[in-house]
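Asks: Have a look at the structure that comes next, please.
We did not get these values from a lab; they are worked out from the coordinates using the rules stated. Computed from a predicted structure; not experimentally measured. Here Cβ is always computed from backbone atoms with ideal geometry, including for glycine, and neighbour counts include all displayed protein chains.
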Amino acid sequence: MRILRLRGKLLARHLPEVLALHRRVLGPLSQRRLRSVLRGRPRRLLLVALIEDRVVGYKIGYEERPGRFYSWIGGVDPDFRRRGIARALMVRQHRLLEKAGFRTVRSQTRNRYPGMLILSIRSGFEIIGTLAGEETRIVLEKKLGRSPALDGQS
């Protein structure tokens, strides 16, 4: 498996695959919607996991405010789950964020995604709150530089 940061030509090449995978895993996401969320964000990070040149996972986020990154969306192809792809994407994302000077990373998930919630907690995230709505969202935050489950534990 390779993990690539999408920019320039790599972004143009793999974005359609990312959107198709997102549609399969989480539902529709248009290129227009993606661009509108990321437009004007000072620092964005788009990562993909490739197996034999096929996008099997992705992770997208942006700087929410100075020092804090928001890990917005991501997913893994159902045919490739339980192979450590989500974990590998998270590890790479956090390493890049630390190098870029971020101090914290936030994310949100829902109870219907228990795998993401468990991975996040094992990776050093703490539940810091919930957001009420049609479906409650669980708000998670991790202080970067501390990676308990990412430094050798399974």
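Asks: Taking only the stretch 35-50 into account, find how many residues are more than 18 Å from R106 (Cβ to Cβ) and touching a Gly at 6+ places or on another chain (Cβ under 8 Å).
Replies: Initial filter on the stretch 35-50 (more than 18 Å from R106 (Cβ to Cβ)): 35-36, 39-40, 48-50.
Right, trim to touching a Gly at 6+ places or on another chain (Cβ under 8 Å) and you get 48-49.
Counting residues in the stretch 35-50 that are more than 18 Å from R106 (Cβ to Cβ) and touching a Gly at 6+ places or on another chain (Cβ under 8 Å) gives 2.
Asks: OK, next. Under the condition of being under 12 Å from the mean Cα position of the chain (by Cα) and among the hydroxyl-bearing types (S, T, Y), which residue from the stretch 89-118 is nearest to K59 (Cα to Cα)?
Replies: Restricting to residues being under 12 Å from the mean Cα position of the chain (by Cα) and among the hydroxyl-bearing types (S, T, Y), the top hit is S107.
Asks: Consider only pairs whose beta carbons are under 6 Å apart and that are at least six residues apart or on different chains; among these, list those whose first residue lies in the stretch 75-104 and is in contact (Cβ under 8 Å) with a residue 24 or more places away in the chain and whose second residue is of a type in the set (K, R).
Replies: Cβ pairs passing all conditions: L89/K59; Q93/K59; T104/R68; T104/K143.
Residue-wise test of (1) without any contact (Cβ under 8 Å) to a residue 40 or more places away in the chain; (2) surrounded by fewer than 16 Cβ atoms within 10 Å (Cβ to Cβ); (3) polar (S, T, N, Q).
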site	(1), (2), (3)
R7	yes, yes, no
R13	yes, yes, no
H22	no, no, no
R44	yes, no, no
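Asks: If you scan the stretch 2-27, which residues turn out to be outside any helix (DSSP H, G or I) and either touching a helix residue (DSSP H, G or I) at 6+ places or on another chain (Cβ under 8 Å) or charged (D, E, K, R) (or both)? Give the steps one after another, and end with the answer.
Replies: We begin by selecting, within the stretch 2-27, every residue outside any helix (DSSP H, G or I); these are 2-7, 26-27.
Matches in the stretch 2-27: R2, I3, L4, R5, L6, R7.
Asks: Take the conditions in contact (Cβ under 8 Å) with a residue 40 or more places away in the chain, closer than 27 Å to R112 by Cβ and either out of contact with any helix residue (DSSP H, G or I) (no Cβ under 7 Å at 6 or more places or on another chain) or buried (at least 19 other Cβ atoms within 10 Å of the Cβ) (or both) and apply them to V37. Does it pass? Can you show your working first?
Replies: On the way: in contact (Cβ under 8 Å) with a residue 40 or more places away in the chain: no; closer than 27 Å to R112 by Cβ: yes; either out of contact with any helix residue (DSSP H, G or I) (no Cβ under 7 Å at 6 or more places or on another chain) or buried (at least 19 other Cβ atoms within 10 Å of the Cβ) (or both): yes.
Criteria not met by V37.
Asks: Name the residues in the stretch 51-69 that are under 19 Å from H22 (Cβ atoms), touching a residue at least 12 places away in the same chain (Cβ under 8 Å) and surrounded by fewer than 17 Cβ atoms within 10 Å (Cβ to Cβ), would you?
Replies: Going residue by residue through the stretch 51-69, those that are under 19 Å from H22 (Cβ atoms) are 51, 53-62.
Okay, now just the ones that are also touching a residue at least 12 places away in the same chain (Cβ under 8 Å), so 51, 54-62.
Residues satisfying the conditions are I51, R54.
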